[in-house]
Amino acid sequence: MIEGTVVGLGSADLLRFYYYLRLTRGLEDRVIKLYRQGRILGGCYVGTGEEAISVGSACALEPDDVIAPSHRDLGAHLVKGVTPNEYMAQYLGRLTGLTRGKDGTIHFGDLRRRIIGFISPMADGIPVATGVALAFKTRREPHIAVAYFGDGASSRGDFHEGLNLAAVLRLPILFICHNNQYAYSVPVSRQMAVPHVADRAKAYGLPTRIIDGNDILAVYQTTKEAAAQIRGGGGPIFIECKTMRMRGHAEHDDASYVPRELLEEWRGRDPIQKFEHYLREREVPEDQLRAVEARVVKEVEEALDFAEKSPLPDGPEALEGVFAP
Amino acid sequence: MPEITYLEAIRQALWEEMDQNEQVFLLGEDIGTYGGAFKITKGFLEKFGEDRVIDTPLSESGFVGAAIGAALMGMRPVVEMQFADFISCAFDQIVNMAAKHHYRLREPVPLVIRAPYGGRLHAGPFHSQCPEAWFIHSPGLKVVAPATPYDAKGLLKASIRDPNPVIYFEHKYLYRHAKGEVPPEDYIVPLGQADVKRAGADISLITYGAMVQQAFQAADQMSEQGVEVELVDVRTLYPLDTDTILTSVKKTGKVLIVHEAPQVCGIGAEIAAVIAEDVFRYLDAPVVRLTAPHTPVPFSPPLEDYYLPNATKIVAKLTDLASY
């Protein structure tokens, strides 16, 4: 895919993809460093090596489509409008984070930006996104819902119940799997006895696509086509993106159980380097690439500064907001 | 005022709310063509169409999750959990996704889960449970349990109009064994308000659900012996109306708490603790509980009769309390 040309994409689009890829990696690298310095709270969950799935798919959606991201989908949040400031403030438990200190790490969402908030039990967002799609279908709204999840989540009942419900009701929903080959320490071969997560989706009657998740143009193009088909009333579609989790489950985990050769093989397929190579082949000027990188560095540092200067909650707010008024 | 059954009251509440607000819709197993396991939604599919009366696959977690998603989009889903026992299959979506959502993100989840619960129909350990305590213990959920047709209709309407997730426990025995007057006009019973169903100066009997009927019978028998029981129907288990409970206890000085759910960590334990903390010096006797024992609900009629609290057992406890 990456050698070819994606119809309809100009250099502004390509630079936009590049910006979100770089911004995702830049923010997460910064958070990893903060974690090592003991400057953040709780765990540290990143999607290093998987940025193309999240960014490429979100860039292929319409503004009113609703996404239900998982914990390695920072890129999709950013594309949908979450700011670097909000992300950093969230990680540091500040009042300016999207949950005002009520929840941490990547556990946020925002319906104004059409994002369903992620929660820790894997696959829980799948039925919820299915319900979003149900609302669209009932109200005859032309939007789609997108649920993101990993290979591990595909073993949970909520994955199966959500896919099946979407299939029998023919709902406008796209399922996007990051098959990153490990669920914490468990390899995909111990997760399922079929070769592909997509095989599970086929059992529910969903059309499936299996693509290279490290190729942003493949992700973009496949999502674009699937979204159009779904919007046309074709029912749900399942895309499995093959990729590799390049770090531990979270930063406390050194992932020593992952064979080094496997990591080395995938390091050579890094989605950002791969896309840079493509951009250079397309003769996107080097100074434009460097300008994107400089912008990202600046935004990441500004976000950290913003977060560290933001107030922490006082404490009594812990009691507020349990119920809607 | 017309007298209707508890079942009819629930049916009317659903019908009227769906008629008034097109965002209200139903999800659940066998609720469409079949009209629901208890026939509450009979005729709804014909009236409201398959977009608003959705027969789901057997997948409690899946359809509760879907209801949450639709609620986040501003719709008003009402889920029928065919038997409250099966709510365990959706527990994660309820307590982790729905209950915590507003707290984390300030986005309301206007969801109602109707859960037909309770025993006395000899339906065994998986069709008779009273799992209300599971949800009372989870911050972010409102939990109601009406005892009369009037309350059943008014509380269901209030639950559907509430912007929060509400677990609505409707007692299966009451469906056809409770009749009462229900006004024809639109009304609600506000969530979070207990109701003094019978006034009395001697003993406060605090209960809810199907035990309200048993409590009435017991109170009448006690009255013949000259003991006047004040019967407080809690109605909403969370938020609990402690004011009404404490006011009654201050007046009578003696308390019997009755519920059909098992005793350990049940709502009775919470009510007893609130009374002990707040009005201890008004008490003339220890707070007493009468509940089901800590076993699964048995199937065979003599076993279930032995298991469940009833008017006779309530009278025995009240008699002890009266002579304390």
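Values computed for the structure shown
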| read-out | value |
| --- | --- |
| Residue identified as in contact with a helix residue (DSSP H, G or I) (Cβ under 7 Å, 6 or more places away or on another chain) and either open to solvent by 20 Å² or more (accessible area, probe 1.4 Å) or farther than 29 Å from residue A:65 by Cα (or both) among A:216, A:237, A:211 | A:211 |
| Tabulated pairs, segment A:109-121, first in a helix (DSSP H, G or I), second not acidic (Asp, Glu), C-beta under 6 angstrom, 6+ apart or interchain | A:113/A:80; A:113/A:81 |
| Meets criteria (open to solvent by less than 10 Å² (accessible area, probe 1.4 Å) and of a type in the set (A, V, I, L, M)) for residue B:206 | yes |
| Boolean, residue B:47 is surrounded by 20 or more Cβ atoms within 10 Å (Cβ to Cβ) and of a type in the set (D, E, K, R) | no |
| Pair list, Cβ under 7 Å, 6 or more apart: segment A:131-143 residue within 8 Å of chain B (Cβ to nearest Cβ) and open to solvent by 30 Å² or more (accessible area, probe 1.4 Å), other residue in a helix (DSSP H, G or I) and among the basic types (Lys, Arg) | none |
| Residue in segment A:11-38 that is farthest from residue A:84 (Cα to Cα), counting only those that are hydrophobic (A, V, I, L, M, F, W, C) and in contact with an Asp or Glu (Cβ under 9 Å, 6 or more places away or on another chain) | A:32 |
| One residue from A:279, A:312 being more than 14 Å from every other protein chain (Cβ to nearest Cβ) and in a helix (DSSP H, G or I) | A:279 |
| Elements of type helices (runs of 4 or more DSSP H) in segment B:120-222, at least 1 residues being over 30 Å from residue A:321 (Cα atoms) and touching a Leu at 6+ places or on another chain (Cβ under 8 Å) | B:174-177 |
| Test: residue in segment B:114-121 that is among the hydroxyl-bearing types (Ser, Thr, Tyr), touching a residue at least 24 places away in the same chain (Cβ under 8 Å), more than 7 Å from every other protein chain (Cβ to nearest Cβ) and open to solvent by less than 10 Å² (accessible area, probe 1.4 Å) | yes |
| Matching entry among A:83, A:99 (being open to solvent by 20 Å² or more (accessible area, probe 1.4 Å) and among the hydroxyl-bearing types (Ser, Thr, Tyr)) | A:83 |
| Residue among B:237, B:191 that alone is open to solvent by 20 Å² or more (accessible area, probe 1.4 Å) and at negative phi | B:191 |
| Residue satisfying condition, being open to solvent by 10 Å² or more (accessible area, probe 1.4 Å) and within 22 Å of residue B:166 (Cβ to Cβ), within set B:66, B:70, B:37, B:9 | B:37 |
| Test set (1) within 17 Å of residue A:71 (Cα to Cα); (2) part of a strand (DSSP E or B) - residue A:153 fails condition number | (2) |
| Every pair of residues 6+ apart whose Cβ atoms lie under 8 Å, when the first sits in segment A:247-260 and is without any contact (Cβ under 8 Å) to a residue 24 or more places away in the chain and part of a loop (DSSP other than H, G, I, E, B) while the second is open to solvent by 20 Å² or more (accessible area, probe 1.4 Å) and among the charged types (D, E, K, R) | A:248/A:254 |
| Looking only at segment A:23-63, and only at residues there that are in a helix (DSSP H, G or I) and in contact with a strand residue (DSSP E or B) (Cβ under 6 Å, 6 or more places away or on another chain), the one that is farthest from residue A:224 (Cα to Cα) | A:53 |
| Residues of segment A:257-299 satisfying the condition of being under 28 Å from residue A:40 (Cα atoms), in contact with an Asp or Glu (Cβ under 8 Å, 6 or more places away or on another chain) and hydrophobic (A, V, I, L, M, F, W, C) | A:272 |
| Residue list for segment A:74-109, filter: within 14 Å of chain B (Cβ to nearest Cβ) and on the phi > 0 side of the Ramachandran plot | A:93, A:100, A:101, A:105 |
| Filter result for residue A:149 (modelled with pLDDT of 95 or more and within 11 Å of chain B (Cβ to nearest Cβ)) | no |
| Single condition residue A:74 does not satisfy, out of (1) open to solvent by 20 Å² or more (accessible area, probe 1.4 Å); (2) within 10 Å of the chain's Cα centre (by Cα) | (1) |
| Residue B:23 being at the interface with another protein chain (Cβ under 10 Å from one of its Cβ atoms), crowded, with 23+ Cβ neighbours inside 10 Å, free of Cβ contacts under 8 Å to residues at least 60 places away in the same chain and farther than 18 Å from residue B:117 by Cβ | no |
| Residue list for segment B:73-95, restricted to those being open to solvent by less than 10 Å² (accessible area, probe 1.4 Å) and in contact with a helix residue (DSSP H, G or I) (Cβ under 8 Å, 6 or more places away or on another chain) | B:75, B:77, B:78, B:79, B:81, B:87, B:90, B:93, B:94 |
| All positions within segment B:222-245 that are in contact with an Asp or Glu (Cβ under 6 Å, 6 or more places away or on another chain) and either farther than 15 Å from residue B:195 by Cβ or among the small types (Gly, Ala, Ser) (or both) | B:227, B:228 |
| Helices (runs of 4 or more DSSP H) contained entirely in segment B:28-107, each with at least 1 residues that are more than 11 Å from chain A (Cβ to nearest Cβ) and not charged (D, E, K, R) | B:44-48 |
| Residue ranges of helices (runs of 4 or more DSSP H) in segment B:242-324 with at least 3 members open to solvent by 50 Å² or more (accessible area, probe 1.4 Å) and closer than 26 Å to residue B:225 by Cβ | B:242-252, B:311-322 |
| Among (1) over 21 Å from residue A:123 (Cβ atoms); (2) among the small types (Gly, Ala, Ser); (3) open to solvent by less than 10 Å² (accessible area, probe 1.4 Å) - the single one residue B:98 does not satisfy | (1) |
| Residue match in segment A:158-181 (condition: more than 23 Å from residue B:69 (Cβ to Cβ) and surrounded by fewer than 18 Cβ atoms within 10 Å (Cβ to Cβ)) | no |
| Near pairs, Cβ below 8 angstrom, 6+ apart or cross-chain, from segment B:68-95 (under 22 Å from residue A:322 (Cβ atoms)) to any residue that is crowded, with 24+ Cβ neighbours inside 10 Å and among the acidic types (Asp, Glu) | B:87/B:60; B:90/B:60; B:92/A:124; B:92/A:158; B:93/A:124; B:93/A:158 |
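One line per residue, one yes/no per condition, for (1) open to solvent by less than 10 Å² (accessible area, probe 1.4 Å); (2) in contact with a Ser or Thr (Cβ under 7 Å, 6 or more places away or on another chain); (3) over 14 Å from residue B:211 (Cα atoms):
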| site | (1), (2), (3) |
| --- | --- |
| B:126 | no, no, yes |
| B:130 | no, no, no |
| B:141 | yes, no, yes |
| B:145 | yes, no, no |
| B:151 | yes, no, yes |
| B:168 | yes, yes, yes |
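The values are calculated or read from the model by the stated rules, or taken from the named source; none is laboratory data. Because the structure is predicted, anything quoted here is derived from the model rather than measured. With ideal geometry, Cβ positions are generated from the backbone for all residues, glycine too; neighbour counts draw on all protein chains shown. Remember, those area values only see protein heavy atoms, side chains included, never the ligands or the DNA or RNA. Shrake-Rupley method; radii C 1.70, N 1.55, O 1.52, S 1.80 Å.
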